[in-house]
Amino acid sequence: MAVLTVEGLKVRYSAKGPEILKGIDFEVQDDDFLAIIGPSGAGKSTLIRCVNRLVEPSDGKIVLLGEDVCALRPRALRNLRRNVGMIFQEFNLINRMSVMDNVLSGRLGYTGNMRSLFRAFPQDDIQLALYYLDRVGLSDHIDKRADELSGGQRQRVGIARALMQRPKLLLLDEPTSALDPKISREVMALIRDIALELKVPALCNIHDVQLAKEFCNRIIGLQDGYKKFDGATEQLRDADLDDIYAMEVL
């Protein structure tokens, strides 16, 4: 079953600016861990951010969990975003806050402003945060400030925070680009294993083709805003990669 359907997606950032995405079609099924690969400037991050309208599409249709995302008014869009967990390239943590508070911020969409201001989160949310911090290996760092952590630890906080939303779709925007190769592999394995465990599909913009091939079951290849490949990981051939990266300047 398709959790996400994208049809004819086009994006340009200004009326006279260049088109960044040029009619992209694809689906994310409920068991997918889908990678988006391609050279810098291909439109990978733009595509990810269109799904929850962090970037506004110029044309096309995005249907997420049965909702036409592009037609939603602000309140309905906020409600839909509760179901989408996002893991960012630069972690997007609040440095002065503790690990625990950063993770609990994943529940802000469900908590009133006054309760969140005074950090009066329900006990169930606190227990869930403790569970996910243990799951990502940070039980011993709960009270540390976010800026005291290593890059890999900061990304694990970001993973736990995204899971606090109890998401029905995970969006990963270059989750390993700020990490060294060993930590990148550990983080991708952690996200994949948790996604499988929770039965949450994921859409991952990733620059490392080897990581995409190792951890993802499907791959979409973009080049200059066009879709050049869409298929199972084992179907991706060297000739396809040559086509996808043909315009990359080394």
For residue 57: the one exception among (1) closer than 14 Å to residue 230 by Cβ; (2) open to solvent by 10 Å² or more (accessible area, probe 1.4 Å); (3) modelled with pLDDT of 95 or more; (4) under 19 Å from the mean Cα position of the chain (by Cα)
(1)
Restricting to segment 195-249, what's the tally of residues that are more than 25 Å from residue 168 (Cα to Cα) and exposed (fewer than 14 other Cβ atoms within 10 Å of the Cβ)?
11
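The values are calculated or read from the model by the stated rules, or taken from the named source; none is laboratory data. All of these numbers come straight from a predicted model, not from anything done at the bench. Glycine also receives a Cβ, built like all others from the backbone with ideal geometry; neighbour counts cover every protein chain displayed. Accessible surface is based on the protein model in full, side chains and every heavy atom, while ligands, DNA and RNA are left aside. Shrake-Rupley method; radii C 1.70, N 1.55, O 1.52, S 1.80 Å.
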